[in-house]
Amino acid sequence: MILVALGANLPTARHGTPADGLNAALPALAEHGIQPVARSRWYRSAPLPPASGPWFVNGVVRVETTLDPVALMARLLAIEADFGRRRSVAGAARPLDLDLLDHDGRILDRAGDGAGPALVLPHPRMTERAFVLAPLIEVAPDWRHPVTGATAASLLAALAPEQGVEPLSHAGSND
């Protein structure tokens, strides 16, 4: 199972609101050989660290692709750039963020080099983020962390309540 988290807290010139940008990212994934097969609802979440920018819209998709993890991550970064993402400082506001969460249970810790981007699998901070775990449960309710064996539901239950997320009222909403 291959899982990708999507997030945005800035509008894009081409697509509009963060939620509209996430909706536009789905066909962009398919155009790059990354076929979404299940999508969570979009969720609204506070930025981390708190007060570091506008609120986010987040979700998770389960995808199918023939790309290996490094090639997939390179394509995700290219899609982000096409949507106007310019990487500056960690936690900066962004029009699109695509994180590879899990690639068929592989465990990987790869430094970036000329052959591809840096990549750690499973995603190293996914277990600390309600905005990843809540939507992940929707698309992969039986998913288990490849290292610890913990379920997404147990990881979500262990998080502090102030990390709450709320589903948006409908797929294209940005309320």
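Per-structure values
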item: The stretch 64-137 - Rg over Rh from alpha carbon coordinates, Kirkwood radius; result: 0.95
item: [x] 59, 36, 30; [y] 201, 39, 17; [z] 36, 36, 31, with the label sought being that of the calculated Cα extents along the principal axes in Å; result: [z]
item: Total charge dipole magnitude, the stretch 60-138, about the Cα centre, Cβ charges on Lys, Arg, Asp, Glu only, Debye to nearest 20; result: 280
item: Ser169 accessible area, 1.4 Å probe, all protein chains in place, Å² to nearest 10; result: 80
item: Charged-residue dipole, Cβ positions (Lys, Arg, Asp, Glu), the chain about Cα centre, Debye nearest 20; result: 220
item: The stretch 1-79 - percent of accessible surface contributed by carbon and sulfur, probe 1.4 Å; result: 59
item: Per-residue [θ]222 nm for the chain (sum of -39500 (n - 2.57) over DSSP H runs n ≥ 4, rounded to 500); result: -7500 deg cm²/dmol
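The values are calculated or read from the model by the stated rules, or taken from the named source; none is laboratory data. The structure presented is a predicted model; accordingly, all values stated were derived computationally and were not measured. All Cβ positions, glycine included, derive from the backbone under ideal geometry; neighbour counts span all protein chains shown. These accessible areas exclude ligands, DNA and RNA; they are computed on the full protein's heavy atoms, side chains included. Shrake-Rupley method; radii C 1.70, N 1.55, O 1.52, S 1.80 Å.
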